[in-house]
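Below is one structure, written out as C-alpha cells; the observations come after it.
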Amino acid sequence: MERIDSIQNLSHTPRAVALGFFDGVHLGHRTVLRSALTAAEDHALTPTVFTFDTLPKLVGGGLLLSREESDRRLEQLGFSERITASFAALRDLSPETFVREILVNTLHAAVVCCGENFRFGKDGIGDVSTLEHWGQIFGFDVQVLPLVTADGEPISSTRIRRALTAGDMLAVNRLLGHPYEVTATVVSGARLGRTIGTPTINQNLPPETVKPPFGVYASVVEVDGRVHHAVTNLGIKPTVGGREPLAETCILDYDGDLYGHTVTVRPVQFLRAEQTFDSVEELRLQIQKDSDAARACFAPTGRTRAILFDFDDTLQNRRVAYRTFARGFIRRHFSHLSKAEQEAYTDRMARLNGSGNEFRNYHEFNTALVKALDWKDAPPVAELVAETRREFPRHTTLLPRTTETLRALREKGYLLGIVTNGDIFIQNKKLDVSCLRPLFDTVVISGEEGVAKPAPEIFRRAAARLGVAPADCIFVGDHPEKDIEGASSAGMQTRFMHACGWFDPPSTVTVVHSMEELLQSL
C-alpha cells in the first residue's frame with residue numbers, strides 16, 4: 001500500500017474513498033473500509049483511505065495503533081493507498097469547498113464511504129445528508145454505513161480507549177478485531193534482570209499511541225515460531241530511575257538472546273499497578289511473584305472456558321457458498337451457453353473444487369479449471385485468481401442458527417475464537433461478510449501466522465491470546481486431521497461438526513450435526 005502524506009499532485013485515477021480517522025482499524029471501522037473495497041472491486045476504482053494527521057479530540061489521548069501498524073492492517077484488507085491530509089490546513093473549509101476541492105478535484109472520488117456519524121467542514125457543520133446532497137450535484141455515489149455494535153453499544157475508538165486505559169485487554173482485543181500488541185526492536189537496557197536471575201527484553205513504546213495503565217501484565221510472546229507465556233511491565237521502571245515508557249518483558253522458560261530483534265508482545269491480563277520498591281532484592285522477589293501470577297493465568301482450571309471454531313464447513317456451508325459463486329462465475333464467462341449448459345459447467349466446476357482441500361491455492365485450482373473446461377479463450381489465470389478472491393467471499397453462507405448459537409455461548413460466559421487456515425484477505429473478508437467478528441474474542445488465520453493447521457502451534461497461539469490453557473478450550477471443526485488431530489495434539493478438547501458431510505468423523509470424538517446440537521452438548 002502506498003502511503004501519501006500530502007494531497008498535492010495526486011494521480012488522476014478515479015477512487016473509491018473511505019473517509020474517516022481509522023486510527024485503530026477496528027471493527028467499527030471495517031464496515032466503512034469494506035464498503036470502499038467492494039465499490040472499488042465492482043467499478044474498477046482505486047481503493048483509497050483518506051484521513052487526517054490528527055484530530056483535536058485526540059490531543060492527550062493518542063492513537064490506538066502506530067501509523068506503521070495501521071498501514072499494515074489496511075494493506076491486509078486490500079487498500080492500494082492511504083492519503084493523510086493536514087487537518088489544520090483543511091479544518092476551515094466549508095462543506096461545499098471540501099467536497100469540490102478535495103473529494104472531486106483532488107481525489108477524483110467516484111464513490112465515497114463513511115459512517116453514519118461522519119462530520120466534516122468548518123466546525124463539523126457538514127453531516128452525511130450534506131455529503132449526499134453534494135454527491136448528487138458533483139456526480140459521485142455516497143455510501144453511509146450504520147454503526148457496528150457489540151453488547152448493545154457502538155464500537156468506537158473512544159470505547160476502545162476507555163477499555164484500554166482501564167486495562168481490560170480482552171475487551172480491547174475483541175473490539176479491535178485483532179490483538180493489542182507492542183511490536184518493536186529489542187533495545188539494550190541496564191541488564192539488571194540478568195544480575196538478579198530474571199533476564200528481560202526491553203522495547204520502546206510508540207510515543208503517538210495511547211497506553212494501557214502502567215503496571216504488570218501476563219502476556220504472550222512469539223519467538224522462533226513458538227508462543228511463550230511471559231510477564232510484561234509497561235511503564236517507566238521507577239525503582240531503577242527510568243524516565244521513558246518501556247515494555248520490559250520476562251519470557252518464561254526462555255533463555256535466548258533477542259537484542260536487535262523485532263519482537264511482538266501481546267499483554268493479555270492486567271496483574272498489578274506499577275510500583276516503586278525500596279531495594280533491588282524487593283524487586284527480585286516481586287518479579288518472581290509476578291511470574292508465578294502470570295503462569296497461573298495460563299494454567300488449566302479444570303473447566304471449559306473457551307470454544308474455538310474452524311470456519312469453513314463448521315460455521316459456514318462452504319459447499320453452498322462455492323456453488324453459488326461458481327454459478328455466477330460461469331454465467332459471467334459463458335453467457336453464450338444455454339441455462340442448462342451453464343448449470344452443467346457449474347456442476348463441473350463445483351466437483352473439481354470438491355471440499356476445497358484438493359487444491360492448495362487458487363492459482364493451482366484455476367489452472368486446473370481452464371484445462372477441465374477446455375477453455376480456449378480463457379483470461380489469464382492471474383485474472384481468474386483475482387476474481388475468485390474478490391467474489392467467492394461475498395457468497396459466505398452460514399450454517400443455520402450460527403449467529404444465535406454464538407450469542408448464546410457468549411451469554412453462558414464462554415470466550416470465543418476462530419482458528420482457520422487460508423489466505424488472510426479471503427478469510428478476513430468471509431468473516432466481515434458474515435458479520436460474525438464482533439462475537440469473537442480472537443481470530444487466528446494461518447495466512448497471517450506463518451503456521452497452519454494441523455500444527456499444534458496455531459491452536460496454542462489462539463488459547464494464549466485468550467489467556468487460557470489449551471486444556472480449557474473446546475475446538476469445533478470438520479476435518480479429522482487439520483482440526484481434530486491438530487487441536488488434540490495441542491491439548492484441547494474437541495467436537496466434530498458433521499453438518500456438511502465432507503469427511504467421516506474419527507471414532508474417538510464427540511460428533512454434533514448442528515450449531516444447536518453443539519450448544520446442547522455443553
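Does Val443 satisfy the condition of being open to solvent by 10 Å² or more (accessible area, probe 1.4 Å) and of a type in the set (Val, Ile, Thr)? Yes; evaluated as a whole, the condition is true for this residue.
Looking at the structure I just gave you, is Asn428 in contact (Cβ under 8 Å) with a residue 40 or more places away in the chain, among the polar types (S, T, N, Q), open to solvent by 10 Å² or more (accessible area, probe 1.4 Å) and over 19 Å from Ile307 (Cβ atoms)? First the steps, then the outcome.
On the way: in contact (Cβ under 8 Å) with a residue 40 or more places away in the chain: yes; among the polar types (S, T, N, Q): yes; open to solvent by 10 Å² or more (accessible area, probe 1.4 Å): yes; over 19 Å from Ile307 (Cβ atoms): yes.
It is true that Asn428 is in contact (Cβ under 8 Å) with a residue 40 or more places away in the chain, among the polar types (S, T, N, Q), open to solvent by 10 Å² or more (accessible area, probe 1.4 Å) and over 19 Å from Ile307 (Cβ atoms).
Restricted to the range 99-146, and to residues there that are of a type in the set (Val, Ile, Thr) and free of Cβ contacts under 8 Å to residues at least 24 places away in the same chain, the residue that is most open to solvent (accessible area, probe 1.4 Å) is Ile137.
Taking the range 488-522 as the range and being assigned to a helix (DSSP H, G or I), open to solvent by less than 60 Å² (accessible area, probe 1.4 Å) and in contact (Cβ under 8 Å) with a residue 60 or more places away in the chain as the test, the residues that pass are Met515, Leu518, Leu519.
Take the residues of the range 1-41 that are of a type in the set (Asp, Glu) and outside any loop (DSSP other than H, G, I, E, B): which is most open to solvent (accessible area, probe 1.4 Å)?
Residues of the range 1-41 of a type in the set (Asp, Glu): 2, 5, 23, 41.
Add one more test, that the residue is outside any loop (DSSP other than H, G, I, E, B), and what stays is 2, 41.
Details: Glu2: 108, Glu41: 50 Å².
It comes out as Glu2.
Within the range 267-285, the set of residues being open to solvent by 30 Å² or more (accessible area, probe 1.4 Å) and in a strand (DSSP E or B) comprises Gln269, Phe270, Leu271, Arg272, Ala273. Of the residues examined, Leu74 is not one that is out of contact with any His (no Cβ under 8 Å at 6 or more places or on another chain), part of a loop (DSSP other than H, G, I, E, B) and of a type outside the set (Ser, Thr, Tyr).
Selection over the range 390-409 of residues that are surrounded by fewer than 17 Cβ atoms within 10 Å (Cβ to Cβ) and either under 19 Å from Gln520 (Cα atoms) or without any contact (Cβ under 8 Å) to a residue 40 or more places away in the chain (or both) gives a count of 6.
Just one of (1) over 28 Å from Phe79 (Cβ atoms); (2) under 32 Å from the mean Cα position of the chain (by Cα); (3) in a helix (DSSP H, G or I) fails for Ala344. It is (2). Among the residues of the range 340-350, is there at least one that is β-branched (Val, Ile, Thr), over 25 Å from Arg394 (Cβ atoms) and crowded, with 18+ Cβ neighbours inside 10 Å? No: the range 340-350 contains no residue that is β-branched (Val, Ile, Thr), over 25 Å from Arg394 (Cβ atoms) and crowded, with 18+ Cβ neighbours inside 10 Å. Taking the range 64-93 as the range and being within 18 Å of Ile4 (Cβ to Cβ) and more than 26 Å from the chain's Cα centre (by Cα) as the test, the residues that pass are Ser86, Phe87, Ala88, Ala89, Leu90.
The values are calculated or read from the model by the stated rules, or taken from the named source; none is laboratory data. This one's a predicted model, so the numbers in the text were calculated from it and none came from an experiment. Glycine gets a Cβ as well: all are built from the backbone with ideal geometry, and neighbour counts include every protein chain shown. In case anyone asks, the SASA skips ligands and DNA or RNA and just uses the protein heavy atoms, side chains included. Shrake-Rupley method; radii C 1.70, N 1.55, O 1.52, S 1.80 Å.
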